[in-house]
Amino acid sequence: AIHGRSMSSIWVWERSHDSTSPIYNSVLARPDIVAETGKRSLDLAALGSEIAAVGQLNYDVALWYSKPSRLYDAGFSKRMMNTYKALLSIGKKPGIVSDKSIGKLNNYKVLIIPGAQYCTKDALAAVNDFIGKGGKVIYSDGAFSRDEYKKALSNFNIVSNGYLYSPSGKVSDIAKTLLDYLN
């Protein structure tokens, strides 16, 4: 909830004693999970206004989530997570921006493109507009160089106006690089 999860579900909340059933040993067969789920739900209810306040904070930094990159590039998710962890380790809680939330991009000062080689043409146009309005971009090699159909795109505006970093390797190294640029 604190990191932006607004809803979670436990899909199977029943017992089955039939060992061939897909719900055999479901969550109800684990009293520790049932107890923890109840406790955390009560915690969230008791701290609801505080958790909601954290969720309403404005963040300076956004991470670009690219569905095409996630589909075509097996390493994208790891680079995204490494960058996210690096930002948290230096005290920056990033927002997440994607094709579905392109309109939120102008709410940020800095956009980080963590190894997202593939993007939609709308995303490229939005990032170029963001740069034109004074937004800063931190990108990795090959960022936004191909569209969602793997056709080459010109990312000249990002490369010429952004800061190159490597989202691979140790989280501590990524954090140091980002800290140098963000401060």
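The values are calculated or read from the model by the stated rules, or taken from the named source; none is laboratory data. Keep in mind that what you see is a predicted model, and the values were worked out from it rather than measured. Every residue, glycine among them, receives a Cβ derived from its backbone with ideal geometry; neighbour counts consider all protein chains shown. Accessible surface areas use protein heavy atoms only, side chains included; no ligands, DNA or RNA. Shrake-Rupley method; radii C 1.70, N 1.55, O 1.52, S 1.80 Å.
What FRET efficiency comes out for K176 versus R70 if R0 is 35 angstrom and r is the Cβ-Cβ distance? Round to the nearest 0.05.
It comes to 0.85.
What angle, in degrees between 0 and 90 and rounded to the nearest 10, separates the Cα long axis of helix 121-132 from the longest principal axis of the Cα atoms of the chain?
Between the helix axis and the principal axis of the chain, the angle is about 60 degrees.
Within the chain, what is the longest stretch that has no chymotrypsin sites (Phe, Trp or Tyr not before Pro) placed in a DSSP loop and near at most 11 other beta-carbon atoms within 10 Å?
Between the exposed loop sites, the longest stretch runs 12-148.
At q = 0.16, 0.22 Å⁻¹, what base-10 log of I(q)/I(0) does the Debye formula yield for region 48-115 when every alpha carbon is treated as an equal point scatterer in vacuo?
The Cα Debye sum returns log10 ratios of -0.59, -0.98.
Tell me the net charge near G162. Cut-off is 15 Å between Cβ atoms, G162 excluded, with +1 for each Lys or Arg and -1 for each Asp or Glu.
0
What figure in square angstrom, to the nearest 10, would you give for the accessible area of E36 with a 1.4 Å probe?
Roughly 80 Å² of E36 is accessible to a 1.4 Å probe.
Taking 0.36 nm per residue of separation and subtracting the Cα-Cα distance, what length does fully extending L28 through S89 add?
Contour length minus the Cα-Cα distance gives 18.3 nm.
Count neighbours as other Cβ atoms within 10 Å of each site's Cβ, and list the trypsin sites (Lys or Arg not before Pro) in region 111-183 that are DSSP loop with at most 16 such neighbours.
Taking region 111-183 and a limit of 16 other Cβ atoms within 10 Å, the loop trypsin sites (Lys or Arg not before Pro) found are K133, K150, K151, K170.
Relative to the longest principal Cα axis of the chain, at what angle does helix 76-89 sit, 0 to 90 degrees, rounded to 10?
With both axes taken from Cα atoms, the answer is about 90 degrees.
Where only protein heavy atoms count, and the probe is 1.4 Å, what is the accessible area per residue for the chain in Å²?
62 Å²
Given 37 °C and 0.692 mPa s, compute D for region 26-183 with the Stokes-Einstein relation, Rh being the Kirkwood radius over Cα pairs; round to the nearest whole µm²/s. Show your work: numbers first, answer last.
Details: Rh = 17.0 Å.
For the chosen part, D equals 193 µm²/s.
Write down the Å³ per residue value for the convex hull defined by the alpha carbon atoms of region 118-174. Intermediate results must be reported in sequence, preceding the final value.
Working: hull volume 4.6 nm³, N = 57.
Each residue corresponds to 81 Å³ of Cα convex hull volume.
With runs of 4+ DSSP H residues as the only contributors, calculate the mean residue ellipticity of the chain at 222 nm using -39,500 (n - 2.57) per run, divided by the residue total and rounded to the nearest 500.
For the chain, the value works out to -12000 deg cm²/dmol.
Given Cα pairs under 8 Å that are at least 6 residues apart, what percent is the relative contact order of the chain?
Relative contact order for the chain comes out at 18 percent.
So if we plug the beta-carbon distance of K100 and D18 into 1/(1 + (r/R0)^6) with R0 = 35 Å, what FRET efficiency do we get, rounded to 0.05?
FRET efficiency, K100 to D18: 0.30.
In degrees from 0 to 90, rounded to the nearest 10, what is the angle of the helix 171-182 Cα long axis to the longest principal axis of the chain?
Taking the Cα atoms of the chain, the angle to 171-182 is about 50 degrees.
Which of the residue pairs K67/K93; K67/K151; K67/K104; K93/K136; K85/K150; K78/K100 have a Cα-Cα distance greater than 23 Å in the structure shown?
K85/K150
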